[in-house]
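Before any comments, here is the structure.
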Amino acid sequence: MTLKNLLSAHEWLIEEPALDLARQNAYETLFTIGNGYLGTRGSFEERVRGDLPGTFLAGIYDHHDSTVVDLVSCPDWLPLSVWVDGERLSVQGAMVLEHRRVLDIRQGLLYRLTRFEDRQGRRTRLETLRFASLANRHLCGLRADITRENHEAPVAVEGGIDGRRFNLDRLPAYDEGHVFDAESRFEKWAKSRHLGPVSSDGSDSAVYLELGTLDRGHHLAYASSLSGGAKTKRIDDLAVAERVKLDFEGGQRCTVDKLVSIWTSRDVEVSKLRRTCLETLAAASTRGLTAALNDHLAAFAERWRDSDVVIESDGPAQRAVRYGIYHLLIAAGDRDERVSIGANALSGERYRGHVFWDTEIYLLPFYIYTQPAAARALLAYRYHTLEGAIANARANGYQGAQYAWEAADTGHEETPTWTVDGKHRLWMGEEEFHITADVAYGILTYVRATGDLDFLAGYGLEILIQTSRFWVSRLEHDAERDRFELRRVMGPDEFHEHVDNNAFTNRMVKWHLLEAADALELCRGERRAAFDEVAARLALNASEPATWQSIAERIHIPADRETGVIEQFDGYFDLKEAPITVWDENGMPAYPEGYHHFNSADTTLVKQPDALMLLYLLPDQFDDRVKRANYDFYEARTLHKSSLSPAIHAILGIEIGDTAKAESYFLRSALVDLADNQGNTEEGIHIASAGGTWQCVVAGFGGFRVKQGRMTFRPWLPASWRWLRFRLKWRGAVLQVSIFSDHAVFRLEAEPGRSETIELFDRPRVIEAGKDVLLRFSPGS
């Protein structure tokens, strides 16, 4: 059986049908494999000029000589080269007769077929299959099938670990529009180095490489083995490899398996690291790559059972949505509470692996409702980095805890102060405060959906107290008007800096303070012992929650009371209009002539949803009239210069009836990487857009929202969609939802006798466990 036969049906495959080296960096991102512990970009095994390989390990950050803390580009476990009579086969060094790569998103496999003709006219066929095990997250596998098509020359395979890695750090300032060729594009970057040698050696069965990060002091251990007969070793301080001569045994095809074990000092003590790494590899080698592959496939199938979204339709929707879910599945683990998900997950260096509000607002809903254990771990990261948030507040002269706009391993603020070319000042780390409220929003959304009061008492309570104290110290009291304000801030729309009273920030702070007070009261009643311990340790004054409530009710929220349009910040309505009149080939709006990101502050142009985010995050606090007024006003001024933007517009478009635009926005979000419509897929996957796309389908077309603690549905399907099906985990049960054009079928998977009351178009309905409940509705009702 050929490796190709292991692949899933066509609808689960993302393909590169022919060699396209000009787009190789984009394909490296698109073809990332991972398992939540690590992510590996889809680079060629033999390495080529202009590539940017990368393996990123969750939680392995380092500073050393970089501008700010980096998620380290760790040793590369992929290298595998085929040599025909001493000539190395490469897509740049031989004639490529045929080439195809396929990412199987259902199974987490990357397949490759390349047929080479070397300078001697010898034709050799190479097929590979790689995976990062979801069953054993410290294990990766690579199988290579080599076929001699028209020759019997000797063939050798070399595979190992390459620790000669670097991170991109700074780029010289070039004129706008400067284009580098595909092979030299990274040469001008200043590069930061994070890895130094610890030990390297080889045995009859494996090669071993251990490196250390130069600032944080993490130890990274890799062990690798090739199948086959006698091997020769190449051992250097920063790289190890072994070579095996293939024995075709009278045939023309031979298979080589490469297994790699990866551990770090974050996982085990340094003194046990080598033994643990080698023992993992030895156990996997004894069972063989096929057994490891089967374990991996079973684990992936289990994840898909909980997370799949089925769209019966024409067009690209189904594959695009599943592609986003695939990346969500490989981005998160459920065991390590000390890590979160960066803006590009574990697929690239953009944003240096830092954690933003993306996690709580765009990613967390997917995990809450399909993988709640992963959601819990992601939120626990905020607890374990709380000391860093407290240090941030203290450094800025405030009390309590201020979460970093960009965080890494400690919770301290890691936002760069300049763009990578040094041209423009960045103010987000000093002014984009709303993330502290976003963290609280994520915690309370999780608790309400899961009923996990143990998490609230053990983790969330302390965060809510410390972040509420931050807001009390950060808010400024206007004595003349007896109101509280937040001056010199930045909202989600990052075109506008140094503004006063950003409506999104102020309204979320109000929500935060009111909900935190209620959460404390809940814990006091339901988890009294835990509440008393935290209250005593933090010296919580009995009057503090009442103070939060009193302040919250007097926070200034800009608005146009006559039309219902929320003023994005004080003075926004007085800014200059710069109409959007040009859209690119992907349907994305272009900057009006003369404008760009850093000179739009005097206009009403909006980078991404800001005031509109309130309508989405607080759905039961704004009526349809206000939603429509704000959508109509801000949609016409939004440039969508963030991949986070289209999803929110799609959902709100469905809610207010602008369904044609909603479909368009949905496709922009779903295809952001597959179509590269932001133009930067090569730098890493847009993981927040993947989460936003899931929300488009479930919260938008599926109409799912939680209001007043109850699941509610107001679905609408495009004409080209025949039906939609998804599953939601809710307080220990599962609700299976099937949406059709004029009816929906709900099935509650729970213990016998349990029921849940949902709302369908504002009408309460009781769903009993184990029964299919068909409910009809009028489209648009």
If every alpha-carbon in the range 256-295 counts as one equal scatterer, what log10 I(q)/I(0) does Debye give at q = 0.19 1/Å?
-0.57
Consider just the alpha-carbon atoms of the range 482-537 and return their Rg together with their Dmax, both in angstrom.
16.4, 47
Treat every Asp and Glu Cβ in the chain as -1 and every Lys and Arg Cβ as +1, leave all other atoms uncharged, and give the resulting dipole magnitude about the Cα centre to the nearest 20 debye.
1900 debye
Cα-Cα pairs above 16 Å in the range 28-74: how many percent?
46 percent
Computing the accessible area with a 1.4 Å probe over protein heavy atoms, can you report the carbon and sulfur percentage for the range 193-289?
48 percent
Relative to the longest principal axis of the chain, what angle (0 to 90°, nearest 10) does the C-alpha long axis of helix 645-656 take?
50 degrees
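Near GLU526, within a Cβ-to-Cβ distance under 15 Å, what is the net charge of the other residues, with Lys and Arg +1 and Asp and Glu -1? All intermediate terms of the calculation are to be shown ahead of the outcome.
Values: positive: ARG448, ARG524, ARG527, ARG528, ARG731; negative: ASP452, ASP454, ASP518, GLU521, ASP532, GLU533.
Cβ neighbours under 15 Å give a net charge of -1.
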Can you figure out the FRET efficiency of THR563 with LYS272, using R₀ = 60 Å and their beta-carbon distance, to the nearest 0.05?
0.35
For the range 175-244, just the Cα set please: Rg and Dmax, both in angstrom.
17.6, 55
Work out the FRET efficiency for ARG725 and ASP85 from their Cβ-Cβ distance, taking R0 = 56 Å, and round it to the nearest 0.05.
0.55
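For the range 135-230, what is the accessible area per residue in Å², given a 1.4 Å probe and the full set of protein chains? Let's see the in-between values first.
Details: 4140 Å² over 96 residues.
Accessible area per residue, the range 135-230: 43 Å².
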Charge-dipole axis of the chain as Lys and Arg at +1 and Asp and Glu at -1 on Cβ define it, positive-most pick from HIS194, VAL420, GLY709
GLY709
Quick check: convex hull over the Cα atoms of the range 677-776, volume per residue in Å³, rounded to an integer?
125 Å³
The range 400-455 versus the range 320-340: alpha-carbon centroid distance in Å:
19 Å
Could you report the range 724-768's accessible area per residue, 1.4 Å probe, as an integer in Å²?
45 Å²
Kindly express, to the nearest 10 degrees and within the range 0 to 90, the angle between helix 289-307's C-alpha long axis and the longest C-alpha principal axis of the chain.
20 degrees
I'd like the carbon and sulfur percentage of the solvent accessible area for the range 11-55, probe radius 1.4 Å, heavy atoms only, ligands and nucleic acids excluded.
55 percent
For the range 13-147: rounded, prolate or oblate by the Cα gyration tensor [a/c cutoff 1.5]
prolate
For the chain, which span is the longest to avoid every loop-located (per DSSP) member of GluC sites (Glu not before Pro) having at most 14 other Cβ atoms inside 10 Å?
270-479
Considering Cα pairs under 8 angstrom that are at least six residues apart, work out the relative contact order of the range 581-696 and quote it in whole percent.
24 percent
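Which value, to two decimals, describes the C-alpha radius of gyration of the range 170-300 once divided by 2.2 N^0.38 Å? List each step's numbers first, then the result.
Details: Rg = 19.5 Å, N = 131, 2.2 N^0.38 = 14.0 Å.
That ratio works out to 1.39.
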Taking a ≥ b ≥ c as the square roots of the eigenvalues of the Cα gyration tensor of the chain, is the shape rounded (a/c under 1.5), prolate (a/b larger than b/c) or oblate?
prolate
Rounded accessible area per residue of the range 423-469, 1.4 Å, Å²
23 Å²
Using alpha carbon centroids, what distance separates the range 208-280 and the range 551-626, in Å?
53 Å
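For ASP602, what is the net charge nearby, where nearby means another residue's Cβ is under 14 Å from its Cβ and Lys, Arg count +1, Asp, Glu -1? Could the numbers behind the result be given before it?
Working: positive: LYS576, ARG637; negative: ASP493, GLU497, ASP574, GLU577.
Taking every other residue near ASP602 into account, the sum is -2.
How large is the Kirkwood hydrodynamic radius of the range 263-421, in angstrom, based on all distinct alpha carbon pairs? Provide the component values of the computation, followed by the final result.
Details: mean 1/r = 0.0543 Å⁻¹.
Computed over Cα pairs of the range 263-421, the Kirkwood hydrodynamic radius comes out at 18.4 Å.
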To the nearest 20 Debye, how big is the dipole of the range 186-328 about its Cα centre, given +1 on the beta carbon of each Lys and Arg and -1 on that of each Asp and Glu?
340 debye
Cβ-based net charge around TRP427, under 9 Å, with every Lys or Arg adding one and every Asp or Glu removing one:
-4
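How large, in percent, is the carbon and sulfur part of the accessible surface of the range 359-440 at a probe radius of 1.4 Å?
Details: 1250 of 2370 Å².
Here carbon and sulfur together make up 53 percent of the probe-accessible area.
Give me Rg over Rh for the range 252-354, both radii from the alpha carbons and Rh done the Kirkwood way, two decimal places.
1.05
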Between the Cα axis of helix 659-670 and the main Cα principal axis of the chain, the angle (0 to 90°, nearest 10) is 40 degrees
Quick one: Cα centre-to-centre distance for the range 55-96 and the range 367-387, in angstrom?
31 Å
Positive-pole candidate from PRO558, HIS512, ALA536, dipole of the chain, charges at beta carbon
ALA536
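For the range 362-501, with only Lys/Arg (+1) and Asp/Glu (-1) charged at the beta-carbon, what is the dipole magnitude about the Cα centre, in debye rounded to 20? It would help to have the intermediate numbers written out before the result.
On the way: 12 positive and 22 negative charges, 64 e Å.
Here the range 362-501 has a charge dipole of around 300 debye.
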Per DSSP H run of at least 4 residues, take -39500 (n - 2.57); add these up for the chain, divide by its residues and hand me the 222 nm value, nearest 500 deg cm²/dmol.
-8500 deg cm²/dmol
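If the chain between PHE622 and GLN120 were fully stretched, how many nm would it gain, using 0.36 nm times the residue separation less the Cα-Cα distance?
Values: separation 502, 0.36 × 502 = 180.72 nm, distance 7.24 nm.
Extending this stretch completely gives an extra 173.5 nm.
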Would you mind getting the Kirkwood hydrodynamic radius of the range 396-522 from its Cα pairs, rounded to one decimal in Å?
15.7 Å
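For the chain, what relative contact order do you get, as a whole percent, if you take Cα pairs closer than 8 Å and at least 6 residues apart? Mind showing how you got there, number by number?
On the way: 1704 pairs, mean separation 82.1, N = 781.
Relative contact order here is 11 percent.
Taking every pair of distinct Cα atoms and averaging 1/r, then inverting, what Kirkwood hydrodynamic radius in Å comes out for the range 642-684? List each step's numbers first, then the result.
On the way: mean 1/r = 0.0953 Å⁻¹.
It is 10.5 Å.
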Please identify the trypsin sites (Lys or Arg not before Pro) of the range 431-499 that satisfy two criteria: DSSP loop assignment and at most 10 other Cβ atoms within 10 Å. Which are they?
ARG481
Separation in nanometres of the label points that stand 7 Å from Cα toward Cβ, at ARG23 and SER550
6.2 nm
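The values are calculated or read from the model by the stated rules, or taken from the named source; none is laboratory data. None of these values were measured; they are calculated from a predicted model. So basically every Cβ, Gly included, is an ideal-geometry build from the backbone, and we count neighbours across all protein chains shown. These accessible areas exclude ligands, DNA and RNA; they are computed on the full protein's heavy atoms, side chains included. Shrake-Rupley method; radii C 1.70, N 1.55, O 1.52, S 1.80 Å.
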